[in-house]
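See below for the structure under consideration.
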Amino acid sequence: QVQLVESGGGLVQPGESLRLSCVVSGRTFGTLVMGWFRQAPGKDREFVAAISYSGGHALYSDSVKGRFTISRDDAKNTAYVQMSNLKPEDTGVYYCAAARQLVPRSSESVYDYWGQGTQVTVSS
């Protein structure tokens, strides 16, 4: 059974930074593409970022490109997303997901495993 546990969410002011973590257990972490998605109140869940199993390739949504950085530490079975210059529209529940894929993907349907989510609120 693969488990994903997110942490690091919280309340921050616009312009501040936050780093989310996702610890994976139950499967060889190094074989998984890792992704981050988010869901704002009243909206559908949307893609944020993804990173290949090797860490060599990353994919970002246009709304976060240049502000967010996805990374992974295979020794810790952990994926991260560093979020900088946060905006109120970044508010939402952030979900970590894992996929048995070769390249990072933005489609929810290819992700096999999901975390429970962590709340990020950006407000002054």
field: Amide H within-cut-off set for residue 72, under 5 Å, with H built and near neighbours excluded
entry: 80
field: trypsin sites (Lys or Arg not before Pro) restricted to DSSP loop in the range 55-124 with at most 14 other C-beta within 10 Å
entry: 65, 100
message: Explain nothing, just the number: relative contact order of the chain, from Cα pairs under 8 Å at least 6 residues apart, as a whole percent.
response: 36
message: Give the lysines reachable from residue 43 as a straight Cα distance under 19 Å; neighbours fewer than 8 places away on the same chain don't count.
response: 87
task: With the full set of protein chains in place, find how many percent of the accessible area of the range 1-99 is carbon and sulfur; take the probe as 1.4 Å.
output: 46
field: In range of the label at residue 74: residues from the range 34-62 whose backbone nitrogen is under 16 Å from the point 7 Å along Cα→Cβ
entry: 34, 51-58
query: Using a simple spin-label model with points 7 Å from Cα along the Cα→Cβ vector, what separation in nm is obtained for residue 123 and residue 5?
result: 2.8
- request: Compute the accessible area per residue over the chain, keeping the other protein chains in place, probe 1.4 Å, unit Å².
  value: 50
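The values are calculated or read from the model by the stated rules, or taken from the named source; none is laboratory data. Since the structure is predicted, the reported quantities are computational estimates derived from the model, not experimental observations. Please note: Cβ atoms are built from the backbone with ideal geometry, for glycine as well, and neighbour counts cover all protein chains shown. Only protein heavy atoms, including side chains, enter the accessible area calculation; ligands, DNA and RNA are left aside. Shrake-Rupley method; radii C 1.70, N 1.55, O 1.52, S 1.80 Å.
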